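Laboratory data are not the source of any read-out in this text; all were calculated from the coordinates shown. None of the values given here were measured: they were computed from a predicted structure. Cβ atoms come from the backbone with ideal geometry, glycine included; neighbour counts cover every protein chain shown.
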There are 2 protein chains.
Amino acid sequence: MSLLVVGTVAFDAIETPFGKTDKIVGGAASYIALAASYFTNDINLVSVVGDDFPEDFMNTLKKQGVSLDGLQIKQGQKSFFWSGRYHNDMNSRDTLDTQLNVLADFDPIVPDAYKTCDFLMLGNLMPSVQQKVLAQLTKRPKLIVLDTMNFWMDIAMPELLETLKGIDVLTINDSEARQLSGEYSLVKAAQKILAMGPKFLVIKKGEHGALLFNNEEVFIAPALPLEEVFDPTGAGDSFAGGFIGYLSKTKDISFENMKRAIIFGSAMASFTVQKFGTEQLIGLSQEDVDERVQDFVDLVQFDISLI
Amino acid sequence: MSLLVVGTVAFDAIETPFGKTDKIVGGAASYIALAASYFTNDINLVSVVGDDFPEDFMNTLKKQGVSLDGLQIKQGQKSFFWSGRYHNDMNSRDTLDTQLNVLADFDPIVPDAYKTCDFLMLGNLMPSVQQKVLAQLTKRPKLIVLDTMNFWMDIAMPELLETLKGIDVLTINDSEARQLSGEYSLVKAAQKILAMGPKFLVIKKGEHGALLFNNEEVFIAPALPLEEVFDPTGAGDSFAGGFIGYLSKTKDISFENMKRAIIFGSAMASFTVQKFGTEQLIGLSQEDVDERVQDFVDLVQFDISLI
């Protein structure tokens, strides 16, 4: 079952209480594709970079089973760059610099072979760009997952609402769920958002875990309590990658299986935050992933038989 | 197995975004005893009130199986009073008024019949008062659970640290765990706190659930996502009451059983926040409690078989 991943492939420069990086590879689609690659090797990428982007990382993606036929390389242009500084609590951050570069006029071109994908992950991008991808597909995917952020709610809400009508799963964080719905209670927020189009809503709460909503059903997964969260950048995207990677592998989009996908997504996110950038997501073994998932099982399982 | 509950029985006046109350009955021991009463009817209370305290509520406690032989009623004096206003997010609040009244010189007297209790719940009180209770016991209880707060860390840290040496389970919230340990990571905080005396640490995170730590083991329980959190007052105490009530009923203080106790505690807390004060904790049926616990089971259970 082929998975199409659309999103940024870019540079980040990150400061955390534990240190700072120069320009390192980042971008939503990088994290999504890497995380998904532990579940399927039929991954296609649509994105754009400048001619400054390291071939090394492209080779890493290819080695992980990611096809790059849809990656535009713009000669004479620079890749998207974001720089940010995390506060001590690691839950909030300041943007220090944003250089759109190639992203300013990104026109996604979906190669013909990708147009019949079974699973589609639309990483955080301008909603109109996400729509352009949808418009090029020749077959409705089995599942469309979309990630977005408060920035688009601020400046492109009508386009975002239009895009939401055509998708299956929306992934946002708790403050974005509140902003999108106008409701403080996440239960009420979920009800309103599910009425906007998506059949499933994933609310990401960082160190407090994630919630999955569908009709009257709710599922909660914790985040793994870690001794150190080194760099939260890409955690949400790694979560999304593990989530859709697992669904794509199992071909089962029932609520029960989505619960499992949430756990696998949480496991992938827990790797990402342990090092700067994408480093920890490269070269994991199946045992590493399984052990981490087992940690989640141990963390939440209990046995109550009600009399 | 007898349960001894020590803590405040008092008046609160509460403002939330949903409304405000006049003086209503509150106090840590009220919530603890009521929540525990759904699991055992062998509950003894040690506390103090003034002659202004309503006999109605004392009768309610008695009806729920709580023995009041250790409740001092100070003639000519007033009960402890606290008044607070919750912010819109319900996670933070301002104290508007605190009148210690009878609590100012509270000298807890443990009736002889209570001195051999099997389970002891020391609700939030000055650490030296908690120690006075411990000093009167003629037999080491099977389990001593202690709740405290940042206020005592600010003004009575040496006494608190001394008290912690003799207890089994400490329940505090996440910011208190950070303050007590000087560590931001809750995993590191737990390691340090478990070295201070308690064998188990429960970190209460309000709407984000609760964590249980013991040696290398961790368990996480979510809070129930509710459409409305009406009044968070007493949630932590109701949690503690359900927790120790369940342990007292089952007489099993293993980590596995404490996980279950955490779920029952979380269930009791989820009732409390649905109305002002203790109202929702009175007159629940066994079915109500079982149904609520089942909600927690449904909320977190998933089935992953790793290949």
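Would you please give the FRET efficiency between A:Gln75 and B:Ser175, computed as 1/(1 + (r/R0)^6) with r the Cβ-Cβ distance and R0 = 56 Å, to the nearest 0.05? Walk me through the numbers on the way to the answer.
Working: r = 52 Å, r/R0 = 0.94.
So, using R0 = 56 Å, E works out to roughly 0.60.
Assuming R0 = 35 Å, can you tell me the calculated FRET efficiency for the pair B:Asn257 and B:Thr98, based on Cβ-Cβ distance, to the nearest 0.05? Numbers along the way, then the final one.
Numbers: r = 37 Å, r/R0 = 1.06.
With R0 = 35 Å, the Cβ-Cβ based efficiency is 0.40.
For B:Pro158, inter-copy separations between label points set 7 Å beyond Cα along the Cβ vector come to 6.9 nm, shortest first.
Calculated mean residue ellipticity at 222 nm for the protein assembly as shown: -10500 deg cm²/dmol, from DSSP H runs with n ≥ 4 weighted as -39500 (n - 2.57), summed, divided by the residue count and rounded to 500. For the rotation carrying A onto B, the chain A residue whose Cβ lies nearest the axis, with the distance in whole Å, reads A:His208, 2. Relative to the current alpha-carbon distance between B:Phe151 and B:Tyr184, full extension at 0.36 nm per residue lengthens the span by 10.0 nm. Placing a label point 7 Å from the Cα of A:Glu159 along the Cα-to-Cβ direction, the residues of region A:121-141 with a backbone N closer than 20 Å are A:121-137. Between A:Gln286 and B:Ser285, what FRET efficiency follows from the Cβ-Cβ distance if R0 is 60 Å, with the result rounded to 0.05? The calculated FRET efficiency here is 0.80. Copy-to-copy label distances for B:Asp105, where each label lies 7 Å from Cα along Cα-to-Cβ, are 8.4 nm in order of increasing length. Each other copy holds its own label point for B:Asp298; taking that point as 7 Å from Cα along Cα to Cβ, the gaps run 3.1 nm, nearest first. Placing +1 on the Cβ of every Lys and Arg and -1 on the Cβ of every Asp and Glu, with nothing else charged, gives chain A a dipole about its Cα centre of roughly 860 debye. Take the alpha carbon atoms of region A:214-281, find their center, do the same for region B:230-307, and report the distance between the two centers in whole angstrom. Each part's Cα centre sits 27 Å from the other's.
With kT/(6 pi eta Rh) evaluated at 20 °C and eta = 1.002 mPa s, and Rh the Kirkwood radius from Cα pairs, chain A diffuses with a coefficient of 111 µm²/s according to Stokes-Einstein.
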